[in-house]
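Novice: The structure follows.
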Amino acid sequence: MRLSRAHITTLREVPGEAEIPSHIWLLRAGMIRKTVSGVYGFMTLGLRVVRKIERIVREEMDAAGAQEIITSPVQPAELWHESGRWQVYGPELWRLKDRHGREFCLGPTAEEVFTDIVRSEITSYRQLPLNLYQIQTKYRDEARPRYGLMRSREFVMKDAYSFDRDEAGLDVSYAHMREAYTKIFTRCGLTFRPVAADSGAIGGNASEEFTALCEYGESDVAYCDVCDMAATTERAETPDAAPSGEEMQPLREVATPGAKTIDEVAAFLDIPKEKTLKALLFEIYEDKEDYPVSEYIAVFIRGDRELNEVKLRNALGGVAEHLIAFADEEKLGARTGAVGGFTGPVGLRDCRIIIDSEVPGLKNLCAGANKRDAHMLNVNYGRDYEADITADLKLVRAGDPCPVCGAPLKIARGIEVGQVFKLGTKYSESMGAVYKDENQEDRLIVMGCYGIGVTRTMAAVVEQNHDDKGPIWPVSVAPYHVIITLVKPDDPVQAALAEKLYAELESRGVETMLDDRDERPGVKFNDADIFGIPLRLTVGKKAGEGVVEYKLRRGGEVVEMSAEEAVCAATKLVEEER
Ligand code: ATP
Ligand code: MG
């Protein structure tokens, strides 16, 4: 490509909304362009990167035996009603109506559509196993679209669905996908780690996320250096505190004027936070947010712990994220007797009580007295109150013991670039996807699903590969492999050598940009950096001797060599790293 003819618009200034390197550099390099919040267009160079990632994904999916199809992002509501997700998915689901009032959504994922295809086209065990995938635009009306391609409302996803006769078959399909993902992210040049994950709104029972480790990720991963445990903090566990051997002491009320938070109470009474019980109050809505509150929930955990809301929603039987919120304390108080800042489990009425699994083993805790400016001492589970649900609700923190080996856990940030799920029969059951086995008996198809955020992967690659001048694309996903910087386009000797180099590289399959613009060399060098092209060849003063400068974008020194040597070196680089 000749830059003099290319439609590429770089930006000098960092756009106001861009906070993280990938967002900044993709905008500044003119690779993406915002249409509205969370919706981007891909320009010349950006689209080439997307296509490269897609190609890697496609090659590895095909190699793993999956078959590519493509379905429409327009999905009828009926399918979502069948699976029960029309309601569960909440406001993230981008809903629309046609002129007849029929409801649709723009697909955020496609379990229903694929299950529908398979239930009508698969009849016999002979047709299984099957793995179908697509690389398609997805829509999610995210509450907080941000960070450019990382959390957008429209994005490219590869989604695959496996269909097996039984769980053992699913295990094999899942293992193949997991392996393909490892190859894909490795080829994209990412440093990543598969971690155990919560299965969220998609459902099912076993799941892992592939997390690209980096500073600005939105996912936290708890991991152990001693054993191999790694899990998202949504899912990670830490053992309960050992049960206390203390004798139960008599329940007693104490005045705690103005001491509302755990810190304030512990300081006021001069007790460790571990001896307090923290209350968190929620309300659950009937159908949508702003609908009548259907019930109140009081959650109690040890005072020094944090609540994991994903675990809470799971413990409540899978309450959708948009149907639960912190309670309006006044309204909740009127019904349950709770008093904001002084809520305890003793004497609460008309609300469900959910406690963390370690709470029953803790003795003589301090909890709110459900009276202004008062707490209770020596609160004990069983004697003083009971719970409706007891479940692990702890959010793990750095230093908490590893659930496998007990060593202190560490927390790392990352970007979830892909996720693999064992769905089991969740969708085949609700949507009636069956096959006939050898004995002509109907059996449910066992499913798995596997997503990769293609455009999010592009952002993750930049997060892990950039410097203060721009992105540094790995050869495998770079928009072009080589940029020839022609210092003086009006110098016939330089121009001739650059053209020769350009033709030679292209003929060898090295994707090359020729910067033949009438610009100052400084501008050209800056642009080569901002485009992030892995190799720059500069044709300048020594063109007469057939000598060019060779410089790798990643920290490389400038080396002089003959044009022939440069062609060989470039070809080799591309062959090795493509
Ligand atoms: P998150 O927890 O980040 O919201 P998710 O777990 O809901 O993501 P999945 O349903 O697992 O996402 O979707 C598969 C993949 O699609 C994710 O692993 C991620 O790479 C990508 N993805 C999901 N949401 C977005 C988004 N809003 N913008 C860009 N990519 C996304
Ligand atoms: Mg996910």
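Novice: Among 165-178, 246-259, how do they line up by average Cβ neighbours within 10 Å per residue, starting with the highest?
Specialist: 165-178, 246-259
Novice: List the pairs from K183/K410; K371/K394; K363/K394; K183/K422; K158/K469 whose alpha-carbon separation is above 22 Å, in the order I gave them.
Specialist: K183/K410; K371/K394; K158/K469
Novice: Label D392 and A6 with points 7 Å out from Cα along Cα→Cβ: what is the distance between them in nm?
Specialist: Distance between the two pseudo-spin positions: 5.1 nm.
Novice: In percent, what relative contact order does the chain have, based on Cα pairs under 8 Å that are 6 or more apart in sequence?
Specialist: Once normalised by length, the contact order is 17 percent.
Novice: Per residue, how much accessible area does the chain show when a 1.4 Å probe rolls over the protein heavy atoms, in square angstrom?
Specialist: With all protein chains present, the chain gives 44 Å² per residue.
Novice: For an R0 of 51 angstrom, estimate the FRET efficiency from the Cβ-Cβ distance between A175 and E253 and round to the nearest 0.05.
Specialist: Rounded to the nearest 0.05, the efficiency is 0.30.
Novice: Another question, then. Quick one: which of 542-548, 46-52 comes out on top by average Cβ neighbours within 10 Å, and what's the full order, highest first?
Specialist: Descending mean neighbour count gives 46-52, 542-548.
Novice: Can I ask one more? What whole number of Å gives the distance from the Cα centroid of region 222-284 to the Cα centroid of region 113-129?
Specialist: 50
Novice: If one takes the longest principal axis of the Cα atoms in the chain, at what angle in degrees, from 0 to 90 and to the nearest 10, does the Cα axis of helix 111-121 lie?
Specialist: Tilt relative to the chain: about 80 degrees.
Novice: Could you work out how far helix 454-464 tilts from the main Cα principal axis of the chain, as a 0 to 90 degree angle to the nearest 10?
Specialist: It works out to around 80 degrees.
Novice: Charges only on Cβ, +1 for Lys and Arg, -1 for Asp and Glu: so what's the dipole of region 122-261 about the Cα centre, in debye to the nearest 20?
Specialist: Values: 16 positive and 23 negative charges, 175 e Å.
Charge dipole, region 122-261, about its Cα centre: 840 debye, nearest 20.
Novice: Using the alpha-carbon atoms, what tilt in degrees (0 to 90, nearest 10) does helix 167-187 show relative to the longest principal axis of the chain?
Specialist: 50
Novice: Between A325 and A496, how many nm apart are label points set 7 Å from Cα along the C-beta direction?
Specialist: Going from the A325 label point to the A496 one covers 7.4 nm.
Novice: Report the residues of region 385-418 in range of a label on E274: point 7 Å along Cα→C-beta, backbone N strictly under 13 Å from it.
Specialist: 400-401
Novice: Suppose the chain between S72 and E577 were pulled fully straight at 0.36 nm per residue; how much longer would it get relative to their current alpha carbon spacing?
Specialist: The S72-E577 span can extend by a further 178.3 nm.
Novice: Which semi-axes, in whole Å and largest first, does the equivalent ellipsoid of region 252-391 have when worked out from the alpha carbon gyration tensor as the square roots of 5 times its eigenvalues? Numbers along the way, then the final one.
Specialist: Numbers: eigenvalues 122, 53, 33 Å².
Ellipsoid half-lengths, sorted descending, are 25, 16, 13 Å.
Novice: Could you give the distance between the Cα centres of region 319-374 and region 52-87, to the whole Å?
Specialist: Taking the Cα centre of each part, region 319-374 and region 52-87 sit 43 Å apart.
Novice: If you don't mind, there's one more thing I want to ask. Give me the net charge of D116's neighbourhood, meaning all other residues with Cβ under 15 Å from the Cβ of D116; Lys, Arg count +1, Asp, Glu -1.
Specialist: -4
Novice: Another one. Looking at the chain, which Cys residues are left with no other cysteine's beta carbon under 4.7 Å from theirs?
Specialist: Lone cysteines by the Cβ rule: C105, C188, C214, C351, C366, C449, C568.
Novice: Heavy atoms only, probe 1.4 Å: what % of the accessible area of the chain goes to carbon and sulfur, would you let me know?
Specialist: Carbon-and-sulfur percentage of accessible area, whole number: 48.
The values are calculated or read from the model by the stated rules, or taken from the named source; none is laboratory data. These numbers were taken from a predicted model, which means no experiment stands behind them. Note that we place each Cβ from the backbone using ideal geometry, even for glycine, and neighbour counts take in every protein chain shown. For accessibility, only protein heavy atoms count, side chains too; no ligands or nucleic acids. Shrake-Rupley method; radii C 1.70, N 1.55, O 1.52, S 1.80 Å.
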